[in-house]
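Contents: one structure, followed by commentary.
The values are calculated or read from the model by the stated rules, or taken from the named source; none is laboratory data. Worth saying up front: this structure is predicted, and the values here are computed from it rather than measured. All Cβ positions, even for glycine, are placed from backbone atoms using ideal geometry, and neighbour counts span all protein chains on display.
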């Protein structure tokens with residue numbers, strides 16, 4: 001017995017020792033943040049001063065050196081995130097993950113993103129190219145100088161990163177277009193549904209923007225050929241292509257503030273991830289003092305300020321993708337039809353290396369419209385006829401994309417005219433820039449490349465051989481939407497429609513609903529909110545105008561006895577999506593069931609692919625276009641009131657099954673968890689629990705503090721997967737008065753205290769300061785690192 005105890009004791013001690021030794025060794029993957037490191041690639045010393053949250057203040061004697069420093073600290077803190085981003089853009093994830101990511105790699109190889117990135121570098125001016133190269137050199141200097149293991153992900157997947165190149169940064173930037181500028185899937189959804197819905201029904205399901213005239217019905221008829229494409233596109237697209245959009249920014253000029261200087265707020269919305277998509281940094285060099293939010297892998301300040309200007313962005317959401325169905329020449333598959341005869345396909349061969357499997361090679365054809373996606377995706381190839389090919393036109397595939405150059409110039413811009421000059425180089429994805437100047441002025445421009453079509457609007461795939469839907473140019477920069485010093489001294493963009501009816505160019509039909517913009521404008525109408533404290537309150541506001549609009553329609557029915565308490569609660573409710581409240585979960589469950597009751601019957605087995613909240617469609621249906629209320633699969637003709645009651649009963653049943661029959665336990669936070677998913681480990685049971693960051697959260701899909709969910713997800717329809725991963729507030733009266741918050745922490749290394757040290761701040765609506773003066777940076781300093789050139 002004593003021997004058994006002894007053996008177990010020794011075994012336990014050895015286990016603890018091995019675990020402790022392993023943890024200690026893995027902790028050597030953490031970056032050096034104090035002392036001195038000698039590196040190749042610098043011309044003079046660079047200092048990296050970090051605050052208590054790990055935010056780096058990078059100071060050097062030249063701009064090339066500080067961008068080197070930015071690359072170095074990005075790699076120190078986010079190398080795995082950067083590695084997966086560049087490999088996604090290059091279609092090389094399968095070299096790490098094997099067959100799991102093969103479809104995504106095929107799609108990105110088919111697009112030719114990396115070819116476009118390399119070609120675009122030739123269009124950069126020498127000075128901008130030098131900054132991209134300096135950034136890459138900084139990343140590689142970290143890889144060369146780091147003595148310990150790389151973060152745990154590299155160990156688990158037995159992967160060693162290659163040297164970083166300038167093209168890696170360009171393709172990483174292009175991946176933002178994949179997240180924010182991909183709308184072709186909706187085009188294909190409509191095309192498939194046009195096979196079974198009437199033109200009127202299709203137009204109603206995608207209604208025009210509130211207040212706009214309906215689209216002409218003849219424009220929604222299906223093209224001949226290329227049937228049943230939506231399953232193909234959803235199967236082939238990588239996850240980043242089907243994300244949601246959202247973001248808020250607003251600015252008030254000096255007339256509205258106590259200091260006489262503008263205030264600007266911005267909270268861009270992206271998919272929640274661990275680590276956060278965003279990384280905060282401050283760069284200082286002669287003629288450069290800029291601070292704000294970066295995306296690791298991309299060497300520019302995307303949202304930020306310098307000593308004269310501050311700027312923020314929201315997604316414009318333009319229609320910049322069009323599918324073209326090309327006809328191949330009979331008996332000659334090497335050529336395709338054009339309006340002027342036939343043309344030869346351009347061809348390239350792509351070979352994908354797949355971990356633990358044979359290489360996969362594919363030949364990709366390209367037409368005058370763009371790459372043939374059906375060559376890169378078996379589902380697409382199976383969905384079209386043998387004599388057709390599906391080509392994609394997209395502004396992000398431009399071979400002269402100088403978006404990073406715009407970022408470098410914006411960091412140095414000192415005036416509105418200089419900012420406009422900088423943004424001439426901004427190509428994709430189109431963004432709504434709002435700006436504030438230290439002189440008190442405010443401005444707005446929707447910068448980015450938007451196509452002009454010969455005919456139509458790209459709402460459905462076009463017949464490539466006719467030329468009718470061809471792109472004949474892009475909107476001239478000087479004709480892009482803009483505003484200089486608004487009359488009322490306020491500018492708001494929140495993905496809503498930003499152009500008047502008489503604007504001469506088409507941008508999109510699919511603007512976001514104006515709920516957030518309406519709420520922001522209502523809050524700005526109160527002068528007491530024109531302060532830092534007021535802007536903070538606004539960024540975390542969880543009042544839902546959408547809920548207020550729908551509640552009178554839903555509560556107009558007479559409830560059953562068992563639902564009377566629920567009705568009374570919702571009648572008294574103000575639409576606040578607070579995580580401790582009961583009403584939000586009841587409302588969202590009822591509304592979710594109502595969407596199913598109203599249009600699942602018409603769509604049949606295709607309902608799941610297009611199931612979403614669709615508030616514009618839902619409101620019009622409940623207030624007039626109520627033929628959708630009838631269940632076409634039953635003999636009786638149901639009314640909207642009957643369907644509202646049926647949805648209510650279904651919602652109560654769902655809530656009882658999920659959370660019990662005590663309504664007091666139906667807290668919004670019980671269902672509404674923000675999940676910051678780790679890109680590689682989230683779906684692995686043990687590692688997912690370790691690396692994912694999960695917590696209850698307030699907000700909803702249409703509140704200013706947007707917290708979006710996927711209601712088509714049967715298991716977790718109210719799990720937040722998309723929101724304001726960054727919040728920034730700029731005070732042009734105070735260079736040290738920038739308030740910032742990101743969703744997780746600065747580090748992507750789970751052994752770092754900065755992996756999740758900002759989660760509670762973000763969840764509870766708190767900010768930290770981002771100083772820019774030398775004195776304030778030193779006061780906040782916790783760590784000092786000097787990067788020394790090896791050959792001074």
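Name every residue in region 135-176 that is in a loop (DSSP other than H, G, I, E, B) and under 28 Å from the mean Cα position of the chain (by Cα), in order of residue number.
Answer for region 135-176, where residues must be in a loop (DSSP other than H, G, I, E, B) and under 28 Å from the mean Cα position of the chain (by Cα): 150, 151, 157, 159, 160, 161, 162, 163, 164, 165.
Under the condition of being over 18 Å from residue 470 (Cβ atoms) and either modelled with pLDDT of 95 or more or out of contact with any helix residue (DSSP H, G or I) (no Cβ under 9 Å at 6 or more places or on another chain) (or both), the residues counted in region 377-395 number 3. On the phi < 0 side of the Ramachandran plot, modelled with pLDDT of 95 or more and touching a strand residue (DSSP E or B) at 6+ places or on another chain (Cβ under 8 Å): is that true of residue 145 in this structure? Answer is yes for this residue. Regarding residue 122, is this residue more than 21 Å from the chain's Cα centre (by Cα) and over 30 Å from residue 788 (Cα atoms)? Here the answer is yes, as residue 122 does meet what is asked. Please tell me if residue 192 is out of contact with any helix residue (DSSP H, G or I) (no Cβ under 6 Å at 6 or more places or on another chain), at pLDDT below 95 and either within 30 Å of residue 73 (Cβ to Cβ) or not in a loop (DSSP other than H, G, I, E, B) (or both). So residue 192 does not fit the description; no. Selection of helices (runs of 4 or more DSSP H) fully inside region 557-661 by the criterion of at least 2 residues being at pLDDT below 95 returns 564-572, 607-610. Of the residues that sit in region 370-395 and are under 26 Å from the mean Cα position of the chain (by Cα) and assigned to a loop (DSSP other than H, G, I, E, B), which one is surrounded by the fewest Cβ atoms within 10 Å (Cβ to Cβ)? Per the criteria, the residue is 370. Taking residue 401, is it part of a loop (DSSP other than H, G, I, E, B) and crowded, with 24+ Cβ neighbours inside 10 Å? Yes. Inspection of region 679-694 finds no residue satisfying the criterion of being modelled with pLDDT of 95 or more, crowded, with 17+ Cβ neighbours inside 10 Å, more than 22 Å from residue 553 (Cβ to Cβ) and in the same structural domain as residue 567 (by TED's automatic domain parsing).
Residues in region 326-339 that are surrounded by fewer than 24 Cβ atoms within 10 Å (Cβ to Cβ) and either touching a helix residue (DSSP H, G or I) at 6+ places or on another chain (Cβ under 9 Å) or in contact (Cβ under 8 Å) with a residue 60 or more places away in the chain (or both): 327, 328, 337, 338, 339.
Among the residues in region 350-357, are any assigned to a helix (DSSP H, G or I) and within 29 Å of the chain's Cα centre (by Cα)? Looking through region 350-357, none of the residues is assigned to a helix (DSSP H, G or I) and within 29 Å of the chain's Cα centre (by Cα). Of all residues in region 93-102, those satisfying the criterion of being more than 21 Å from the chain's Cα centre (by Cα) and on the phi < 0 side of the Ramachandran plot are 94, 95, 96, 97, 99, 100, 102.
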